[in-house]
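Read through the structure below, which is laid out as structure tokens, and then see the notes.
Each value in this text was obtained by applying a stated rule to the coordinates, not by laboratory testing. Just so it is clear, the structure is predicted and the values come from calculations on it, not from any experiment. Cβ coordinates were reconstructed from backbone atoms using ideal geometry, including for glycine residues, and neighbour counts include every protein chain displayed.
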Amino acid sequence: MLSKVIEKLSRQLTDGLADITAKKLSAEKRLSAALQLIRSLLHLLREQVLLHPFQDKPDEIHVFKNIKPRFLAAKIFELERYNLEQSAPAGTQEKLIAFYESELDIIRRFFMRYAFLYQYYRSGLTELDELYFIRGAEVPTVLMPEFGEPDPDFSTCGDYLFAKLQAFETLQAYIAERIAGLTAFSGQPGRLSKPFRWTGEVVNLIELGHAVYLNEQINNGELGIVEFFEGLGEFFGVNLGIPKKGFDDLKKRKRLSKTHFTDRMRDALVRKMDDEDALDKNRALKKKTGF
């Protein structure tokens, strides 16, 4: 009975997170939706574990070694990804890559800190399972120095750390993919062999991006602002940060016009048109008078 419930809850976790990703929500809304889903499923899993006592130790070990950590890992990853995105600096491609590489260093240090347990996790060892994944087992601190939230009915000393190891592996792959996307920008099919680089102030591109987006000039306006800003920043090799924060910064301008850059663009365009009109008039006059 419990195994069928576990299978159903696991499927709901996978499908639910996929649906949330497909909706292209803002970072805040995506995190909120994901956490709500994971917490509800963890609550249901806890209820089922308490309703259906384990037949033997292997069953209990399986749930707290393989099942519960999967849900916890999803929760930890969503939080870490959100924090990563909020901390990513606005600026050049090189600056963003350096930030991602520093985050990878943090993950590597975490794996080194728990080298024994990470090797135990990676190798699929079982010798210490009755210490790590049986409720109520007393484990020396040296073997398990980090614990999750205490819940004697639904936690063991090892389920949280195993979940964190899983989450950090996923986060490591996510960051590596982001770096690969930045470093391989010019080599991807359909991309420019020599991509454009934004060399002006990043805030000017943010202002331009909002102007284009609000006028619904891309995909008939059927595009999320986060997705648009990610694509715009990728095209020009800069990180534009969180669109809402950038827009709020534009509104706070006091010394300059709130639309300083687009004002300059309009002035430059009108001036160019006026100059060419004047030049055309001079040419017409010379042709008419012969001078």
In vacuum, with every alpha carbon of the stretch 70-137 counted as one equal point scatterer, what does the Debye formula give for log10 I(q)/I(0) at q = 0.16, 0.24, 0.25, 0.26 Å⁻¹? Two decimals, please. -0.77, -1.14, -1.16, -1.18
Under a crude label model (7 Å from the Cα following the beta-carbon direction), how far is Phe235 from Phe110 in nanometres? 3.5
HN-Hα J in Hz across the stretch 154-162 - Karplus 6.51, -1.76, 1.60, θ = phi - 60°, x for Gly and Pro: 9, 7, 10, 6, x, 5, 5, 5, 5
Mind listing the phi-derived Karplus ³J(HN,Hα) values for the stretch 281-286, rounded to whole Hz, using 6.51, -1.76 and 1.60 with θ = phi - 60°, and x for any glycine or proline? 5, 5, 5, 5, 5, 5
Straight distance only, please: which lysines reach the Cα of Lys68 with their own Cα at less than 17 Å, same-chain residues fewer than 8 apart left out? Lys4, Lys8, Lys57, Lys164
Nearby lysines by direct alpha-carbon distance to Lys23 (threshold 22 angstrom, same-chain neighbours under 8 apart not counted): Lys75, Lys244, Lys245
Leu269 versus Leu125: modelled label distance in nm, points set 7 Å from Cα along the beta carbon direction: 6.6
If one computes the Cα centroid of the stretch 111-138 and of the stretch 1-55, what distance in Å separates the two points? 24
What residue among Asp15, Asp151, Asp59 has the largest mean-square fluctuation in a Gaussian network model of the chain, using Cα springs under 10 Å? Asp151
Overall Cα dimensions of the chain - principal axes, largest extent first, Å: 106, 41, 35
Can you list the aspartates and glutamates whose alpha carbon is less than 15 Å from that of Lys251, not counting same-chain residues fewer than 8 positions off? Glu207, Asp263
Which ³J(HN,Hα) values, rounded to whole Hz and listed in residue order, are derived for the stretch 108-125 from phi using the Karplus coefficients 6.51, -1.76 and 1.60 in 6.51 cos²θ - 1.76 cosθ + 1.60 with θ = phi - 60°, glycine and proline given as x? 4, 5, 5, 5, 5, 4, 10, 4, 5, 5, 5, 5, 4, 5, 5, 8, x, 5
Residue among Met273, Met265, Met112 with the largest mean-square fluctuation in a Gaussian network model of the chain, springs linking Cα atoms under 10 Å: Met273
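Calculate for the chain the 222 nm mean residue ellipticity that helices alone would give, adding -39,500 (n - 2.57) per DSSP H run of length 4 or more and normalising by residue count, nearest 500 deg cm²/dmol.
Values: 12 runs with 195 residues, N = 291.
It lands at -22500 deg cm²/dmol.
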